[in-house]
Amino acid sequence: MTQDDGAEVDLLVRQRIRGLRTARGWSLDDLAGRCHLSPSTLSRIETGHRRIGLDQLTAIARALDTSLDHLVEPQDDHDVVIRPHRDRARGMTTWLLSRDRGPHGLKVAKIRLTQPPPQHRQGELPVHPGRDWFTVLSGTVLLLLGERAITVAAGQAAEFSTMVPHAFGAHGGPAEIIAILDPDGERSHLRRKGA
């Protein structure tokens, strides 16, 4: 990290502290009482007239109900735009809406399906540990679940054990879904060819 990078992070941390404080409607006195620093110290920290000590930053983060990681993570514009991942062979375009894993390792993805579920011989549908959830935003999805074929229309949702042999795809035209996938579901449904 260069000196300029350090100065940018320092400025960003100060802006985040002030932004979180004002978003809560707190004055400097309010935050000072919560993190046991003087209002003048906080003012000098926010304006850049005082260096921020790790002990102070920890107390401020705790008072603002955030983490040190969130206060100091670098600003990176490539994290703003979510770009699609296209798998033409499977007729699937995916946007990973959650960059980090949520509770229990869950990921959220928007998926555009243009092909029906892959054809499998009886008893050859894939299985994996866990559960899958999806809601259909547009179109209709054909969910193959064991020996059943279930259509899930726009505005409807599905939730099922992934230990039941399953596959899903578009039915009667393109469909878009929001899916919540555990790590096994992500590997199974969002894997790339050759990955």
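Quick note: the coordinates plus some simple rules give every number you see, no bench work behind them. Quick caveat, the model's predicted, so the values are computed rather than measured. Don't worry about glycine lacking a Cβ; one is built from the backbone with ideal geometry, like all the others, and counts go over all protein chains shown.
Taking the Cα centre of segment 3-75 as origin, work out the dipole magnitude from +1 charges on Lys and Arg Cβ and -1 charges on Asp and Glu Cβ, in debye rounded to 20.
320
Quick check on segment 3-75: what are the equivalent-ellipsoid semi-axes from the Cα gyration tensor, as sqrt(5λ), descending, whole Å?
They are 18, 13, 11 Å, listed from largest to smallest.
Would you compute, from DSSP H runs of 4+ residues alone, the mean residue ellipticity of the chain at 222 nm, taking -39500 (n - 2.57) per run and dividing by the full residue count, rounded to the nearest 500?
-9000 deg cm²/dmol
For segment 85-190, with equal point scatterers placed on the C-alpha atoms only and solvent neglected, what are the log10 I(q)/I(0) values from the Debye formula at q = 0.13, 0.20, 0.22 1/Å, to two decimals?
-0.41, -1.04, -1.28
Which one of Ala175, Ala109, Ala61 has the biggest mean-square fluctuation once the chain is modelled by GNM with Cα springs under 10 Å?
Ala61
Select from Trp133, Ile82, Met92 the residue farthest towards the positive end of the dipole of the chain; place +1 on Cβ of Lys and Arg, -1 on Cβ of Asp and Glu, and compute about the Cα centre.
Value computed over the given set: Met92.
Once phi is turned into θ = phi - 60°, what whole-Hz ³J(HN,Hα) does the Karplus curve with 6.51, -1.76 and 1.60 give for every residue of segment 133-138, x standing for Gly and Pro?
Karplus values, whole Hz, x for Gly and Pro: 9, 8, 10, 8, 7, 8.
Using unit Cβ charges (K, R positive; D, E negative) and no other charged atoms, how large, in debye to the nearest 20, is the dipole of the chain about its Cα centre?
Roughly 400 debye, rounded to the nearest 20.
Starting from the exponent 0.38 and prefactor 2.2 Å, build the expected Rg for the chain from its residue count and divide its actual Cα Rg by it.
1.45
Name the residues whose placed amide hydrogens come within less than 5 Å of the amide hydrogen of Gly130, ignoring near sequence neighbours (fewer than 5 apart) on the same chain.
Thr162, Met163
Could you give the length gained by full extension between Val127 and Ile178, i.e. 0.36 nm per residue of separation minus their alpha carbon distance, to one decimal place?
16.3 nm
Provide the net charge surrounding Trp26, with neighbours chosen by a C-beta distance below 15 Å and charges set as Lys +1, Arg +1, Asp -1, Glu -1.
+2
Need the full-extension length gain, Ser98 to Asp30, defined as separation in residues times 0.36 nm minus the C-alpha distance. One decimal, nm.
21.2 nm
Rank Val13, Val152, Val127 by mean-square fluctuation in a GNM of the chain with C-alpha springs under 10 angstrom and give only the top-ranked residue.
Val13
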